[in-house]
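Novice: Got a structure here, written out as structure tokens. Questions coming.
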Amino acid sequence: MQPILYHATVLEQEELKPAIFRIRFMAPELARLCQPGQFIQVRVNAMVDPLLPRPISIHDFDSEAGTVTLLYHRVGKGTAILAQCQPGEQVMIWGPLGRGWTLPEAQDLPAGDLLPIYVAGGIGVAPLLSLAKAWSKVGKPGILLCGGRCEEQLVALEEFQALGVDVDLATEDGSAGHCGRVTALFDHLPLLGKMPLLYTCGPKGMLKAIHELALQKGWPCQVSLEERMCCGLGACLSCVCKREASQEGKTWTHAKVCTDGPVFWSKEVIWDD
Amino acid sequence: MTDLKVNLGGLAMQNPVTTASGTFGFGLEYAPFVDLRRLGAIVVKGTTLEPREGNATPRMAETPAGMLNAIGLQNPGIDGFIKQHLPALQPLGTPIIVNISGNTLEEYGQLAAMIDACEGISAIEVNISCPNVKQGGIQFGTVPTMAADVTKMVREHTKKPVIVKLSPNVTDITEMAKAVVDVGADAIALINTLLGMAIDTKQRKPQLANIFGGLSGPAVKPVALRMVYQVHRALPAVPILGMGGITTAEDAIEFIMAGATAIAVGTANFVNPKATIDILEGIEAFCLQEGINTLQDLVGAAHSS
Ligand SMILES: Cc1cc2nc3c(=O)[nH]c(=O)nc-3n(C[C@H](O)[C@H](O)[C@H](O)COP(=O)(O)OP(=O)(O)OC[C@H]3O[C@@H](n4cnc5c(N)ncnc54)[C@H](O)[C@@H]3O)c2cc1C
Ligand SMILES: Cc1cc2nc3c(=O)[nH]c(=O)nc-3n(C[C@H](O)[C@H](O)[C@H](O)COP(=O)(O)O)c2cc1C
């Protein structure tokens, strides 16, 4: 699928929780191409500082309404400029980019009755909503385990609940749900004899913990990785990760997070650093 | 219509707009945004004799109006390039320039011989200036006699146009240019990236895993332009492939007026994936507006006044 470049009009922007924003663009051609787990590049200004576009996951898309929605955390210069955008303004974006989640209809999923479990750390919830929509359409809305430092970091939960997803929370300060890490929520999962299929996005440490848990239980697990990214097109080789390889003489190669990922099967990734 | 044709040391191009090695992958990555047939030439990612996995991450850090990179020449090897990537580029008809890096003089010779034997490659860009690899790399690019040795070695192994890409990390760029032209370089490419670094103050450590990286983007443009001007002044007959921060057509025209026969668009591709075409169209518009019939007439124009 070929990405396209767009001067997209901002339809609305809202600060959902302190420093967490949701922005919706009118971009019909782009919306038609999106797959859950893909991302777009957002050029936040027309100047040369900040210079590079910001990669942001596609949170939601509606091919009928022609809209694309992002959910982002204001962490620095670029996201601060984006947060200033008003409805009616145009922003240069291009995408969809990368390879997203393995969807319900995919051939390479394990056989049997699957239970999708989405594990989000903070803003890592962003790319999971459109995935939950896809599973909900086939009658398996699944479970969202959402973790963060505090209640103010947990967003978009109502959208998941509206799809029939069971939502369970963990916060490090105990301000919402279980007090502690999101991994603790696995202790009381109602599996009902189904095969869990893990999808996770969040800080690297959390991804690694979920990967280890999945490995131990024998559950398939996909992770969405983040690396410092530049072109987003597989050209500059900035954003690589170590991936297992079976070529002669090699145990690993550098895969491109932007085009081979950002979603990988967790067991393919080498988690040494 | 202005005649945009230029000749870069024996390589005939329909226009002066090319891509800077390492910023345009192997070409097809940008096909969704750029009609690759319209480019003057495509310069591909730096290749080496053996495949390389490159450096650890983080490999990139953004800086004011620029960026640092320390990719470390990750590439599938020259064989891998010729087998996996070149066939798809061939039908475009756009000249393909392959950028090469060696650890030793012998490797440069072998690379040149392999490219010489490969019909689909139009010219060689010799990278004697990569700041991001531990061996060879930078020394070849900073000591004039070593730069000359590399150039001589490549020259002996190919009849194709040889473009030697110089490092800006030297005291006198004209000395380097003269050294390589004396032993057979057909053209000079400049500049490669400027060695730099950035520190993460919260973590109290360098932002790049490699500690140092190459600075590129608008921040380096004045330095690059000055070097193009100096080399053209010293060696007016030698064609230059100018680059370093070119982001707009105006930037490109400045380089041409400083003495560049052709230009390469690098970091700007990341900022605007259509940058090459926007720059090409901007050059056309400028020529039309200024009543320029032959672009070649503009080369070095800033020197005569
Ligand atoms: C494929 C992909 C999808 C992403 N999706 C989302 C999303 O849906 N929502 C969201 O809020 N963010 C997402 N990010 C992260 C987002 O790109 C960065 O937060 C953003 O680029 C920061 O820009 P800035 O100018 O505001 O911050 P900067 O001033 O550039 O940096 C501020 C801080 O953020 C860190 N940072 C910068 N870039 C990145 C990065 N790429 N990854 C991790 N840390 C970074 C810096 O080290 C620094 O500490 C995604 C990143 C990738 C690679
Ligand atoms: C990510 C990246 C990778 C690069 N890789 C190479 C390379 O493999 N070989 C090379 O000769 N130059 C390489 N360069 C240098 C560019 O070709 C160019 O000389 C430099 O970036 C200055 O131009 P710019 O400011 O327009 O980017 C690289 C630059 C960047 C930003």
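Novice: Work out the length of the dipole vector of the protein assembly as shown about its Cα centre, built from +1 on the beta-carbon of each Lys and Arg and -1 on the beta-carbon of each Asp and Glu, and round it to the nearest 20 debye.
Specialist: My answer is approximately 600 debye.
Novice: List the relative contact order of chain B as a percent without decimals, with contacts defined as Cα pairs under 8 Å and 6+ residues apart.
Specialist: This gives 21 percent for chain B.
Novice: Shifting gears a bit: Using only the alpha-carbon atoms of chain B as identical scatterers, what base-10 log of I(q)/I(0) does the Debye formula give at q = 0.07, 0.09 Å⁻¹?
Specialist: Per q value, in the given order, log10 I(q)/I(0) is -0.23, -0.39.
Novice: Grab the alpha carbons of region A:227-273, take their convex hull, and tell me the volume per residue in Å³.
Specialist: Hull volume normalised by residue count: 80 Å³.
Novice: Also: Restricting to chain A, compute how many DSSP beta bridges are antiparallel as a %, nearest 5.
Specialist: Percent antiparallel among DSSP bridges in chain A is about 60.
Novice: Tell me what the protein assembly as shown gives for mean residue ellipticity at 222 nm when only DSSP H runs of n ≥ 4 count, each as -39,500 (n - 2.57), the sum divided by the residue total, rounded to 500 deg cm²/dmol.
Specialist: Counting only the DSSP helices, I get -6500 deg cm²/dmol.
Novice: Separate question: Provide the net charge surrounding A:LEU103, with neighbours chosen by a C-beta distance below 13 Å and charges set as Lys +1, Arg +1, Asp -1, Glu -1.
Specialist: Working: positive: A:ARG99, A:LYS133, A:LYS137, A:LYS140; negative: A:GLU105, A:ASP108.
Residues close to A:LEU103 contribute a combined charge of +2.
Novice: Explain nothing, just the number: relative contact order of region A:4-97, from Cα pairs under 8 Å at least 6 residues apart, as a whole percent.
Specialist: Value for region A:4-97: 42 percent.
Novice: Using the count of nearby Cβ atoms within 10 Å as a rough guide to exposure, how do B:PHE24, B:PHE286 rank from fewest to most?
Specialist: B:PHE286, B:PHE24
Novice: Positive end of the charge dipole of region B:165-278 (Lys, Arg +1 and Asp, Glu -1 on Cβ, about the Cα centre): tell me which of B:GLN203, B:GLY259, B:ALA237 has its Cα farthest that way.
Specialist: B:GLN203
Novice: A further question follows. Where does the longest stretch of chain A lie that holds no GluC sites (Glu not before Pro) found in a DSSP loop with 10 or fewer other Cβ atoms within 10 Å?
Specialist: Looking at chain A, A:106-247 is the longest stretch - no exposed GluC sites (Glu not before Pro) with at most 10 other Cβ atoms within 10 Å.
Novice: Can you pull a Stokes-Einstein diffusion coefficient for region A:104-224 at 4 °C (1.567 mPa s), Rh from Kirkwood over Cα pairs, as a whole number of µm²/s?
Specialist: 91 µm²/s
Novice: Over all distinct alpha-carbon pairs, what is the Kirkwood Rh of region B:178-305 in angstrom?
Specialist: Final number for the Kirkwood radius of region B:178-305 is 15.9 Å.
Novice: Can you say what percent of the DSSP beta bridges in chain B, counting only those with both residues inside, are antiparallel? Round to 5.
Specialist: 40 percent
Novice: Within 10 Å of each Cβ in peptide B:61-68, how many partner chain Cβ atoms are there on average? Round it to a whole number, please. Before the final figure, lay out each step's value.
Specialist: Working: counts 2, 9, 3, 4, 5, 4, 6, 0.
Averaged over the peptide's residues, the number is 4.
Novice: Averaging over all projection directions, find the projected area of the Cα convex hull of the protein assembly as shown and quote it in nm² with one decimal place.
Specialist: 27.2 nm²
Novice: If you don't mind, there's one more thing I want to ask. Would you mind checking B:LYS45/B:LYS202; A:LYS217/A:LYS256; A:LYS77/A:LYS250; A:LYS140/A:LYS208; A:LYS77/B:LYS274; A:LYS250/B:LYS45 for any pair whose Cα atoms are more than 30 angstrom apart?
Specialist: The pairs that break the limit, which is 30 Å between Cα atoms, are B:LYS45/B:LYS202; A:LYS77/A:LYS250.
Novice: Restricting the calculation to Cα positions, tell me the Rg (one decimal) and the Dmax (whole number) of region A:125-194 in Å.
Specialist: 12.3, 36
Novice: Roughly how many debye, to the nearest 20, is the charge dipole of region B:1-99 about its Cα centre, given +1 on each Lys and Arg Cβ, -1 on each Asp and Glu Cβ, and no other charges? Mind showing how you got there, number by number?
Specialist: Numbers: 7 positive and 7 negative charges, 26 e Å.
Around 120 debye, computed over region B:1-99.
Novice: Based on C-alpha coordinates, I'd like the Rg and Dmax of chain A, in Å.
Specialist: Answer for chain A, Rg first and Dmax second: 18.2, 55 Å.
Novice: A further question follows. If R₀ is 41 angstrom, what is the calculated FRET efficiency for the pair B:GLN296 and A:VAL138, using the beta carbon separation as r and rounding to 0.05?
Specialist: The pair B:GLN296/A:VAL138 has a calculated efficiency of 0.05.
Novice: Counting pairs of alpha carbon atoms under 8 Å apart in space and at least six apart in sequence, what relative contact order in percent does chain A give?
Specialist: Relative contact order comes out at 17 percent.
Novice: Working only with C-alpha atoms, what are the Rg and Dmax values of region A:4-97, expressed in angstrom?
Specialist: Final numbers for Rg and Dmax: 12.1, 35 Å.
Novice: Another question, if that's okay. Could you please rank B:GLU254, B:GLU106, placing first whichever residue has the fewest other Cβ atoms within 10 Å of its Cβ?
Specialist: In increasing order of surrounding Cβ atoms, one gets B:GLU106, B:GLU254.
Novice: Mind checking region B:152-222 for trypsin sites (Lys or Arg not before Pro) that DSSP puts in a loop (not H, G, I, E or B) and that have at most 11 other Cβ atoms within 10 Å?
Specialist: For trypsin sites (Lys or Arg not before Pro) across region B:152-222 that sit outside H, G, I, E and B with at most 11 neighbouring Cβ atoms in 10 Å, the list reads B:LYS159, B:LYS202, B:ARG204.
Novice: To continue, here is another question. Let me know the charge dipole size of region A:104-224 about its Cα centre in debye, to the nearest 20, where only the beta-carbon of Lys, Arg (+1) and Asp, Glu (-1) is charged.
Specialist: 320 debye
Novice: I need the P(r) histogram for region B:1-118: all alpha carbon pairs, bin width 5 Å from 0 out to the longest distance, whole percents.
Specialist: Computed distribution, short to long bins: 2, 10, 18, 20, 19, 16, 10, 4, 1, 0.
Novice: Find which of B:ILE78, B:GLY66, B:LEU36 sits farthest along the positive direction of the dipole of region B:17-83, computed with +1 on the beta-carbon of Lys and Arg, -1 on that of Asp and Glu, about the Cα centre.
Specialist: Final value for the positive-end residue is B:LEU36.
Novice: Determine the percent antiparallel among the DSSP beta bridges restricted to the protein assembly as shown, to the nearest 5.
Specialist: 55 percent
Novice: Would you order A:MET229, B:MET146 from fewest to most other beta-carbon atoms within 10 Å of each residue's own beta-carbon?
Specialist: B:MET146, A:MET229
Novice: For all pairs of alpha-carbon atoms in region A:27-166, what percent lies in each bin of width 10 Å, listed from the first bin to the last filled one?
Specialist: Bins of 10 Å from zero give 11, 38, 35, 14, 3, 0 percent of pairs.
Novice: So what's the gap between the Cα centers of region B:236-305 and region B:18-94, to the nearest angstrom?
Specialist: With region B:236-305 and region B:18-94 each reduced to a Cα centre, they are spaced 21 Å.
Readers should treat all values here as calculations from the given coordinates under stated rules, not as data from a laboratory. Just so you know, these numbers come straight off a predicted model, no measurement behind them. Because the Cβ atoms are built from the backbone with ideal geometry, glycine has one as well, and the counts that use them run over all protein chains shown.
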